[in-house]
Amino acid sequence: MNTAISANIEGIIKDLQINDYMVPLYEFLVNSFQSIAERYGAENVKDKGKVLINIERRKSEGGDLLNPIIAVSIEDNGIGFNDANFSSFTRAYSEKKAQLGGKGVGRFAALAVFDAIEIESVYESEQGTRFKRCCRLARSSKSEVENISHEQTNEEIKTIIHLKNMRDEYSDETAGVNNEEIAANLLQHVFLYFINNQAPKVIIDDSVNPIDLDDNEAIKENVIFNANHKRANANFIMFGIRKVKENVNWVMYCAHNRVVMKKKLKTILPLIDGPISIGNDNLYFDIYILSDYLDSVVKSGRNGFNFPKKNDASDQQTELESIKIDENVIEDLIIETIETELKDVVEVFRKSREKQVEKFVASDDGIDYRNVPIPPTLLNKLGANATPKEIRNCLIEEKIRRSAYINERKDKLLERDYSETDDYQSLMKEVLGLYQQENAEQLAKYVMHRKVIIHLMDKYLKWVDSDSKHYMEESSLHNIIYTMGGTQKEISYNHHNLWLLDDRLAFYRFITSDLSFRKQEALKNRSDSLKEPDIILYDVPFFYGEMDDGDEIKSIVIFELKRPARMVTYLDYFKQSDEQIDSLRKGNKLGPDGDQIPAQPSTPIFFYYVCDEKAFVALKETLCPNHGYKETPYNSIAHADNVTHREILTYRTLLSNAKRRNKMFFKQLNIE
């Protein structure tokens, strides 16, 4: 005798997307618990209920006990397949156990993993007569319950579910999986029944190593916390459970007293990525989350949750389903629970992470972040093996968050009426303090930039000193100081390195590099000279208001950078310096519109000539005794008249002077 199931079995199996061979065992084990509770009452399940799970493995000549699983049977002493339960079995998506979280798809989950389900069940009718009912459901049966038999019997009340022929894609995964691992997975899934004293005696037998789930662990003794929370009218209960074997901390998302989904705790709270210390024990633990809300949004296949998305609403939603609680809200609740229930543990982990961050910010790579506060939320994101890159990224996020907070507090301050009230004064003090900290961070970053540039130039000079063949074009050094072809319009103060030459040069209004005089903005197109000084700076005052075209240039500075290892005679030097200075002096007679030239005949011009040590010595030997040049206290030689100052120095002198000027800044930041 056969009975049709009004459903497309293959279609339902496809929709369930079962990817874990344990799912059928989870489903039928919970069914056994519910069947026992239906027979004896929930309060008597622990004392009277029994479940036996038999594992059958593929045989081999070697007798390998860890061969792949091929079949499983689940036997219980529950109420059995009476008429109501059998009728439910023959209907897809039965609602008989809806109040218990049943979705009516457990048998289809089994058929996703096994080829067939065979059932033997002895039950007792309301009149006290016992019957034995047998049937079979297979993927190949075309939606029919087959081989149905129903006869009176005197056998003891029990039900045996035979799951036959595990499909190869699942069976292969079970090779090497021992009975202890199967027991641990089952216990995780139904753990809450044991916690609530609603679990019967469960034996898992593979013919070699029977395991009693209730004796597997002293379950209640391993509860390390039990916390209750409420969010948006939804109740959440969280259990922290000590574990014995597995060295991973898991978070178990549960629905209707069984695990549906799990995540590694470190993916939610990277801070806790190892064992925790409680008393004298180092241990791993799991967190079980129960909620009426999770019960309402569990997927039909019990392999995940339908957490809400933005603007996700439906007229068919229940009150709980309409609550907008997504995974992020639940994860925040998990973190809050751990911070509260395991306060001392969290503090130990945070101190360890704080040392990691402090070590990073004490390094040269961390100088930008030395004034960034280290809140607990930042430490929460770092694991024990956090890399410098991960630490840096967290500090960057904190800087962005903090900057947004400062702006928010500033806006709040500016929106207030000015008064002498304490709250206004307190807010103003807070905002000013935050701005001071932020400015200190920017200063530290800029000083570190100077340290790097000095190191880069020093390294370059050592490299070229070791072998004259390594000398490059002067552009290599030129671009360290100031990008060739650039002007103050393209290159801002904090992106050039004129401070290597002299800190005062950063404040000149017009700066040009390797541009002919005729193209320089400061001369306002009034010079047609094609001479290209390496770097020339014009000191033109700023005005608050309009400036006329005759703004006077207060001073001009020219830097000429000579390529190392290039022989320079005093004639070459004079030719270059005279031509550039004369071009500026004569520029006032070449304006096409006859306007007054900004550079006056009395405008001071400072000409600096930077070369290598060999060229410097040669020029010094000629210019000092014969052309009025004198040695300065700064390891250079110079000549000055009323309006022109010429000075020659080496790259080493330039670098040494820059180091001395910045030494105190480096010392304050511990980056000497």
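Structure data summary
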| quantity | calculated |
| --- | --- |
| Extended-chain gain in nm, criterion 0.36 nm per residue less alpha-carbon gap, N280 and E397 | 38.4 nm |
| Point-to-point label distance, K59-M567, nm (Cα→Cβ direction, 7 Å offset) | 9.9 nm |
| Given K586/K614; K243/K351; K264/K351; K243/K266; K164/K309; K554/K663, the pairs whose alpha carbons are separated by over 28 Å | K586/K614; K164/K309; K554/K663 |
| E155/S207 FRET efficiency (R0 35 Å; Cβ-Cβ; nearest 0.05) | 0.90 |
| Exposure rank, largest accessible area first [E181, E118; 1.4 Å] | E181, E118 |
| Set K459/K562; K59/K299; K445/K620; K355/K459 screened for pairs whose C-alpha atoms are more than 29 Å apart | K59/K299; K445/K620; K355/K459 |
| Heavy-atom accessible surface of segment 225-299: percent carbon and sulfur, 1.4 Å | 46 percent |
| Residues V223 and T340, FRET efficiency given R0 of 22 Å [Cβ-Cβ distance, rounded to 0.05] | 0.90 |
| Highest to lowest packing among 394-404, 76-86, 125-135, scored as the average C-beta count within 10 Å | 76-86, 394-404, 125-135 |
| Accessible solvent surface per residue of segment 143-202, calculated while the other protein chains remain in place, 1.4 angstrom probe, Å² | 44 Å² |
| Per-residue SASA entry for D365, accessible area with 1.4 Å probe, Å² rounded to 10 | 100 Å² |
| Full-extension gain in nm, K575 to E358, via 0.36 nm per residue minus C-alpha separation | 72.5 nm |
| Gain on full stretching of the segment that runs from A232 to D172 - 0.36 nm per residue minus C-alpha separation | 17.1 nm |
| Efficiency of FRET between N635 and K389 - r from beta-carbon atoms, R0 25 angstrom, step 0.05 | 0.05 |
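The values are calculated or read from the model by the stated rules, or taken from the named source; none is laboratory data. Everything quoted here is computed from the prediction, not taken from an experiment. Note: ideal-geometry Cβ built from the backbone for every residue, glycine included; neighbour counts use all protein chains shown. Each accessible area value is taken on the protein alone, full model and side chains, heavy atoms only, with ligands, DNA and RNA left out. Shrake-Rupley method; radii C 1.70, N 1.55, O 1.52, S 1.80 Å.
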